[in-house]
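These notes concern the structure reproduced below.
Read-outs: derived from the displayed coordinates by stated rules, not from any lab. This is a predicted model, so every value here is computed, not measured. Cβ placement follows ideal geometry from the backbone for every residue including glycine, while neighbour counts extend to all protein chains displayed.
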Amino acid sequence: MEFLIASGFWNEWLGYIADWWGSAWQWVWLSIAWGILATAIVMGLLGVFVPVIPGAFVCFLGALIHKLMMSDVLAWWIIGILGGLMVLDRVVDFFATAMGSKWFGGTGWGICGALAGGLIGLFFGIIGILIGPVIGAVVCELIWARRHLKEAAKSGIGAGLGSGLSIVGRMVIYFMMIGSLVFDLVL
């Protein structure tokens with residue numbers, strides 16, 4: 001071993017290792033950046049259908065991390081568009097449920113109950129997210145609006161259908177996000 005150190009072989013060998021790692025590191029960094037973006041896109045798409053995962057937020061965050069890791073790939077205006085679409089996704093998610101309740105004859109109390117039920121339902125997993133707006137609309141219609149059970153149930157059904165419509169709206173918004181990313185990557 002002392003012979004290898006004294007002959008300079010050891011230093012030369014370490015130099016080769018350092019050169020190899022220096023050239024390999026850029027490919028590792030690129031793989032990590034693209035992996036983050038691809039994972040965020042897939043998880044975001046899953047989040048459109050599974051309300052526990054905030055799909056648009058995951059996609060936006062993945063694109064932002066990708067932009068910070070590889071500054072020359074995505075344009076900042078695309079990140080801005082993705083941020084705006086992310087906010088629009090949240091607005092559609094909450095207000096489609098409320099409007100569904102209103103369309104089925106719900107009062108202001110039913111709308112507030114649907115929104116509150118959607119927020120409270122976040123803490124009870126997927127079942128809470130799906131039936132929270134319905135229960136919230138019905139309970140608020142019964143207690144504060146003092147409506148009959150049949151009218152309150154109609155408001156709850158409307159809130160449930162509004163939740164279904166919010167999934168469709170969020171899917172459209174998510175595909176707009178993906179289209180923006182593809183547009184920027186192609187150009």
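Report the calculated FRET efficiency for residue 20 and residue 68 (r = Cβ-Cβ distance, R0 = 25 Å), to the nearest 0.05.
Plugging the Cβ-Cβ distance into 1/(1 + (r/R0)^6) gives 0.40.
Roughly how many nanometres apart are two label points built 7 Å out from the Cα toward the Cβ at residue 38 and residue 120?
Each label point is offset 7 Å from its Cα along the Cβ direction, giving 4.4 nm.
Of (1) 1.08; (2) 1.33; (3) 1.13, which one was derived for Rg/Rh (Cα atoms, Kirkwood Rh) from the structure shown?
Only one option fits the structure, namely (2).
Between 125, 47, 117, which gets the highest mean-square fluctuation from a Gaussian network model of the chain, Cα cutoff 10 Å?
Highest fluctuation among the options: 125.
Cα axis of helix 108-121 to longest principal axis of the chain: angle in degrees, 0 to 90, nearest 10?
Once rounded, one gets 30 degrees.
Find how many whole Å separate the alpha carbon centroid of the range 12-82 from the alpha carbon centroid of the range 86-152.
Computed from Cα coordinates, the inter-centre distance equals 37 Å.
For residue 137, what is the net charge nearby, where nearby means another residue's Cβ is under 13 Å from its Cβ and Lys, Arg count +1, Asp, Glu -1?
+1
How long is the gain from residue 28 to residue 146 if the chain were fully straight, where each residue apart is worth 0.36 nm and the alpha carbon distance is subtracted?
Net length gain for the segment: 36.2 nm.
Give me the number: length gained by fully extending residue 76 to residue 46, i.e. 0.36 nm times residue separation minus the C-alpha to C-alpha distance, one decimal in nm.
Working: separation 30, 0.36 × 30 = 10.80 nm, distance 2.52 nm.
Stretched fully, the residue 76-residue 46 segment lengthens by 8.3 nm.
Quick one: if you stick a label point 7 Å off each Cα along the C-beta vector at residue 187 and residue 127, how many nm between them?
Going from the residue 187 label point to the residue 127 one covers 4.8 nm.
Students often forget the sequence filter, so: which lysines lie under 23 Å Cα-Cα from residue 102 once same-chain residues fewer than 8 apart are removed?
Within reach: 150, 154.
Under a GNM of the chain (C-alpha, springs under 10 Å), which listed residue has the highest mean-square fluctuation: 168, 73, 134?
73
What size of dipole, in debye to the nearest 20, comes out for the chain about its Cα centre when the only charges are +1 on Lys and Arg C-beta atoms and -1 on Asp and Glu C-beta atoms?
With Lys and Arg at +1 and Asp and Glu at -1, about 1260 debye.
What residue among 30, 85, 115 shows peak mean-square fluctuation when the chain is described by a Gaussian network model with Cα springs under 10 Å?
Most flexible of the set in this elastic network: 30.
How big is D, in µm² s⁻¹, for the range 71-148 by Stokes-Einstein at 25 °C and 0.890 mPa s if Rh is the Kirkwood radius over C-alpha pairs?
For these conditions, the coefficient is 179 µm²/s.
In degrees, nearest 10, range 0 to 90: what is the angle between the Cα axis of helix 55-69 and the longest Cα principal axis of the chain?
That helix lies at roughly 20 degrees to the long axis.
Within a 10 angstrom radius of the beta carbon, how do 65, 173 rank from fewest other beta carbons to most?
Starting with the residue having the fewest Cβ neighbours, the order is 65, 173.
Normalising by the residue count of the chain, find the relative contact order in percent from Cα pairs under 8 Å and 6+ residues apart. Show your work: numbers first, answer last.
Numbers: 279 pairs, mean separation 40.0, N = 187.
Here the relative contact order equals 21 percent.
By how many degrees, between 0 and 90 and to the nearest 10, does the Cα long axis of helix 76-103 differ from the longest principal axis of the chain?
Between helix and principal axis, roughly 20 degrees.
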